[in-house]
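Participant: Provided herewith is a single structure, encoded as structure tokens, for subsequent inquiry.
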Amino acid sequence: MNLPGHLTVRDGHLYIGQHDCVALANEYGTPLYVTDEERLRSNFTRYDEALKKHYSDVQLLYAAKANGNLAILRIFSSMGAGADVFSSGELHMALLAGIPPEKILFNGSSKTKEDLALAVEKNVRVSLDSFDELRQLNEVAGEAKKVVEVSFRINPAIDVPTHPKIATGLATSKFGIPAGQIKDAYRAALECDNVEPVGMHCHIGSQILDVEPFTKTAEIMVKVAGEIKELGVKLDFIDIGGGLGIPYRHETEAAPSPDQYADAIMPVFLKGIQKLGIKPQLWVEPGRNLVGDTTVLLTRVNSVKTAHKKFVNVDAGFNLLIRPAMYDSYHEVIVANKADAEAECVYTVTGPICETGDILASDRNLPKVEDGDVIAVLDAGAYGYSMASQYNCRPRCPEVMVFGDRSGVMRRGESVIDILNTMKKLPWHESNK
Ligand code: LLP
């Protein structure tokens with residue numbers, strides 16, 4: 001199987017960086033998420049350099065939802081990243097990681113007044129998604145006697161070739177302001193005393209493996225920028241979101257590199273802003289492309305069963321990696337302790353969750369699998385742990401980082417006690433045993 005540079009096979013075992021995945025599974029237990037710090041760093045640099053080659057005023061805003069571990073945010077922060085945050089929790093994390101407020105955009109289609117108040121308090125910019133939100137933010141900022149800089153999320157109404165559940169720029173999507181209302185939105189913002197429109201934002205979807213929709217988006221954004229400029233808005237930034245995909249199918253899928261992405265969109269963006277005579281910062285919000293391939297999920301085989309087909313029952317399920325169940329996503333799997341053995345059988349790898357859909361990988365050709373083997377699920381760094389749950393009262397597993405010859409826990413595993421501690425006995429049940 002084609003493996004990215006940080007994954008290798010040595011003496012029959014799968015390695016991540018300098019670390020034997022089997023040894024990591026034995027040391028830290030399974031299930032276990034393992035992330036390679038060097039890969040995180042090189043992914044960030046690759047993306048950043050690809051865009052800055054064309055235009056120096058580019059700011060990467062890491063989409064914290066893709067993988068919200070504080071250690072990862074700290075690494076990106078130290079490399080100059082900003083953050084796209086989608087909740088008050090993500091905002092707190094980004095600030096804790098040392099990301100300066102001026103590099104943070106508070107996104108979201110359904111923010112509470114408390115979210116807006118926190119954005120005002122922390123002096124971050126806000127991407128607005130409705131007229132109601134504009135009014136509420138103006139009120140909240142007024143109470144704090146501040147002026148908040150904002151963008152609107154624009155719905156570019158374009159179709160993108162990805163799973164329908166993660167296409168966000170469709171005309172029918174819940175996100176953004178439709179084309180016909182954009183000018184009114186900026187006009188309304190200009191009339192507010194405590195809100196100042198300074199940017200434009202959009203995000204067309206995720207896991208996009210074609211550059212064309214991004215180019216089209218850049219075209220639409222600079223066109224709308226022209227209309228907004230006419231209203232008297234001075235645009236400090238244009239944010240074109242994230243969405244660049246990765247090749248989950250290592251043998252057959254090709255994904256554009258950040259260079260190819262930048263080479264496609266930047267001429268359109270640059271031509272557009274030159275024509276308008278403006279020099280806004282270009283903001284981009286990559287998530288998956290920075291973290292997706294950095295991480296493996298290690299899971300141990302509990303049992304192998306032959307029924308109408310061969311099932312490999314492992315200790316991680318959709319409680320820890322929901323992507324296959326939710327989007328029919330494909331993740332490569334490797335038997336980490338038999339990584340160079342010949343494939344012998346077709347297996348379906350299933351988790352321990354009480355649902356028929358708890359399948360991590362269907363019908364894969366693998367070497368003979370036995371209980372005790374360690375299976376590595378690849379490309380689990382984006383929307384893996386961050387979408388994990390405690391379904392079936394299963395504590396979430398630890399996350400480990402490797403860096404050179406070092407490894408360490410960046411999030412401890414939860415225990416059943418952690419789960420139980422959030423529950424309270426109701427006063428009217430006190431007398432019950
Ligand atoms: N910006 C905004 C406003 C977003 O909503 C997202 C992702 C991103 C940036 C980052 O997109 P990326 O570069 O990672 O594609 N759970 C799904 C993906 C959901 C994406 C949500 N928004 C999955 O596992 O495929």
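The values are calculated or read from the model by the stated rules, or taken from the named source; none is laboratory data. Everything numeric in this text was worked out from a predicted model, so none of it was measured. Every residue, glycine as well, gets a Cβ built from its backbone with ideal geometry; the counts of neighbours run over all protein chains shown. For accessibility, only protein heavy atoms count, side chains too; no ligands or nucleic acids. Shrake-Rupley method; radii C 1.70, N 1.55, O 1.52, S 1.80 Å.
Participant: Of all residues being of a type outside the set (S, T, N, Q) and part of a loop (DSSP other than H, G, I, E, B) in region 383-397, which is most open to solvent (accessible area, probe 1.4 Å)? Just the residue, please.
Facilitator: Step one: list which residues in region 383-397 are of a type outside the set (S, T, N, Q), which gives 383-385, 387-388, 391, 393-397.
Restricting the remaining residues to those that are part of a loop (DSSP other than H, G, I, E, B) gives 383-384, 388, 394-397.
On the way: 383: 43, 384: 0, 388: 13, 394: 80, 395: 42, 396: 59, 397: 8 Å².
Ranking the qualifying residues of region 383-397, first place goes to 394.
Participant: Being at pLDDT 95 or above and under 30 Å from residue 365 (Cβ atoms): is that true of residue 245 here?
Facilitator: Taking the combined requirement at face value, the residue satisfies it.
Participant: Does at least one position in region 93-104 carry a residue that is of a type outside the set (Asp, Glu), closer than 24 Å to residue 48 by Cα, within 13 Å of the ligand (Cβ to nearest atom) and in contact with a helix residue (DSSP H, G or I) (Cβ under 9 Å, 6 or more places away or on another chain)?
Facilitator: Restricting attention to region 93-104, the residues satisfying the condition of being of a type outside the set (Asp, Glu) are 93-101, 103-104.
Now narrow it down to the ones that are closer than 24 Å to residue 48 by Cα: 93-101, 103-104.
From the residues that got through so far, the ones that are within 13 Å of the ligand (Cβ to nearest atom) too are 104.
Subsequent filtering for residues that are in contact with a helix residue (DSSP H, G or I) (Cβ under 9 Å, 6 or more places away or on another chain) retains 104.
Yes, because at least one residue in region 93-104 is of a type outside the set (Asp, Glu), closer than 24 Å to residue 48 by Cα, within 13 Å of the ligand (Cβ to nearest atom) and in contact with a helix residue (DSSP H, G or I) (Cβ under 9 Å, 6 or more places away or on another chain).
Participant: Examine region 331-343 for a residue that is within 16 Å of the ligand (Cβ to nearest atom), among the small types (Gly, Ala, Ser) and assigned to a helix (DSSP H, G or I), and state whether such a residue exists.
Facilitator: First pass over region 331-343, keeping only residues within 16 Å of the ligand (Cβ to nearest atom): 331-332.
Checking which are among the small types (Gly, Ala, Ser) leaves us with none.
No: zero hits.
Participant: Considering only region 197-218, I want to know if a residue exists there that is at positive phi, open to solvent by less than 30 Å² (accessible area, probe 1.4 Å), in contact with a helix residue (DSSP H, G or I) (Cβ under 9 Å, 6 or more places away or on another chain) and part of a strand (DSSP E or B).
Facilitator: Let us first name the residues in region 197-218 that are at positive phi, namely 205, 207.
Keeping just the survivors that are open to solvent by less than 30 Å² (accessible area, probe 1.4 Å) gives 205, 207.
Retained after the next criterion (residues that are in contact with a helix residue (DSSP H, G or I) (Cβ under 9 Å, 6 or more places away or on another chain)): 205, 207.
Next, from what is left, pick out any that are part of a strand (DSSP E or B): 205.
Yes, because at least one residue in region 197-218 is at positive phi, open to solvent by less than 30 Å² (accessible area, probe 1.4 Å), in contact with a helix residue (DSSP H, G or I) (Cβ under 9 Å, 6 or more places away or on another chain) and part of a strand (DSSP E or B).
Participant: May I pose another question? Given the options 325, 376, 380, 316, name the one that is touching a Gly at 6+ places or on another chain (Cβ under 7 Å), crowded, with 20+ Cβ neighbours inside 10 Å and hydrophobic (A, V, I, L, M, F, W, C).
Facilitator: 316
Participant: Can you report the number of residues in region 398-427 which are in a loop (DSSP other than H, G, I, E, B), among the charged types (D, E, K, R) and open to solvent by 100 Å² or more (accessible area, probe 1.4 Å)? Quick ask: steps written out before the conclusion?
Facilitator: First pass over region 398-427, keeping only residues in a loop (DSSP other than H, G, I, E, B): 398, 404-405, 412-415, 421-426.
Filter once more, keeping what is among the charged types (D, E, K, R): 405, 412, 414, 424-425.
Those left that are additionally open to solvent by 100 Å² or more (accessible area, probe 1.4 Å): 405, 412, 424-425.
Final tally of qualifying residues: 4.
The rows are residues; the columns are (1) touching a residue at least 12 places away in the same chain (Cβ under 8 Å); (2) more than 26 Å from residue 258 (Cβ to Cβ).
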site: 19; (1), (2): yes, yes
site: 23; (1), (2): no, yes
site: 32; (1), (2): yes, yes
site: 51; (1), (2): yes, no
site: 57; (1), (2): yes, no
site: 60; (1), (2): yes, no
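Participant: Still on this structure, I have one more. Which of the helices (runs of 4 or more DSSP H) contained wholly in region 65-171 include at least 2 residues that are of a type outside the set (A, V, I, L, M, F, W, C) and open to solvent by less than 40 Å² (accessible area, probe 1.4 Å)? Spell out the reasoning first.
Facilitator: Details: elements: 70-78, 88-96, 113-122, 131-143.
Ranges flagged: 88-96, 131-143.
Participant: Would you point out the residue of region 54-64, among those that are open to solvent by 10 Å² or more (accessible area, probe 1.4 Å) and not aromatic (Phe, Trp, Tyr), that is farthest from residue 205 (Cα to Cα)? So that I can check it myself, show each step before the final result.
Facilitator: From region 54-64, those open to solvent by 10 Å² or more (accessible area, probe 1.4 Å) are 54-57, 59; that's our starting set.
Next, only the ones that are not aromatic (Phe, Trp, Tyr) stay: 54, 56-57, 59.
Working: 54: 24, 56: 25, 57: 24, 59: 19 Å.
Of everything passing the filter in region 54-64, 56 is farthest from residue 205 (Cα to Cα).
Participant: For region 152-195, what are the residues that are within 15 Å of residue 132 (Cα to Cα), within 12 Å of the ligand (Cβ to nearest atom) and not small (Gly, Ala, Ser)?
Facilitator: Once the filter is applied, which keeps residues that are within 15 Å of residue 132 (Cα to Cα), within 12 Å of the ligand (Cβ to nearest atom) and not small (Gly, Ala, Ser), region 152-195 yields 153, 174, 175.
A quick yes/no check of all residues on (1) polar (S, T, N, Q); (2) within 15 Å of the ligand (Cβ to nearest atom); (3) surrounded by fewer than 23 Cβ atoms within 10 Å (Cβ to Cβ):
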| position | (1), (2), (3) |
| --- | --- |
| 247 | no, yes, yes |
| 252 | yes, no, yes |
| 259 | no, no, yes |
| 263 | no, no, yes |
| 270 | no, no, yes |
| 283 | no, yes, no |
| 290 | no, yes, no |
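Residues checked against (1) over 12 Å from residue 401 (Cα atoms); (2) touching a helix residue (DSSP H, G or I) at 6+ places or on another chain (Cβ under 7 Å):
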{"site": "2", "(1), (2)": "yes, no"}
{"site": "13", "(1), (2)": "yes, yes"}
{"site": "29", "(1), (2)": "yes, no"}
{"site": "36", "(1), (2)": "no, yes"}
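Participant: Of 87, 110, which residue is within 16 Å of the ligand (Cβ to nearest atom), hydroxyl-bearing (Ser, Thr, Tyr) and free of Cβ contacts under 8 Å to residues at least 24 places away in the same chain? So that I can check it myself, show each step before the final result.
Facilitator: On the way: 87 fails: free of Cβ contacts under 8 Å to residues at least 24 places away in the same chain.
Every option except 110 fails the conditions.
Participant: Looking at 160, 148, can you tell me which residue is of a type in the set (Val, Ile, Thr), modelled with pLDDT of 85 or more and within 29 Å of the chain's Cα centre (by Cα)? Reasoning before the result, please.
Facilitator: Details: 160 fails: modelled with pLDDT of 85 or more.
When all the criteria are applied, what remains is 148.
Participant: Looking only at region 245-289, which residues are over 20 Å from residue 57 (Cβ atoms) and not in a loop (DSSP other than H, G, I, E, B)?
Facilitator: Narrowing region 245-289 to residues over 20 Å from residue 57 (Cβ atoms): 245-257, 260, 287-289.
Within region 245-289, 260, 288, 289 meet the criteria.
Participant: Follow-up. Under 7 Å between Cβ atoms, at least 6 apart or on separate chains: pull out the pairs that start in region 303-323 with a residue that is in contact (Cβ under 8 Å) with a residue 60 or more places away in the chain and end on any residue that is of a type in the set (Ser, Thr, Tyr) and assigned to a helix (DSSP H, G or I).
Facilitator: Sorted first by the residue in region 303-323, then by its partner, the pairs are 319/391.
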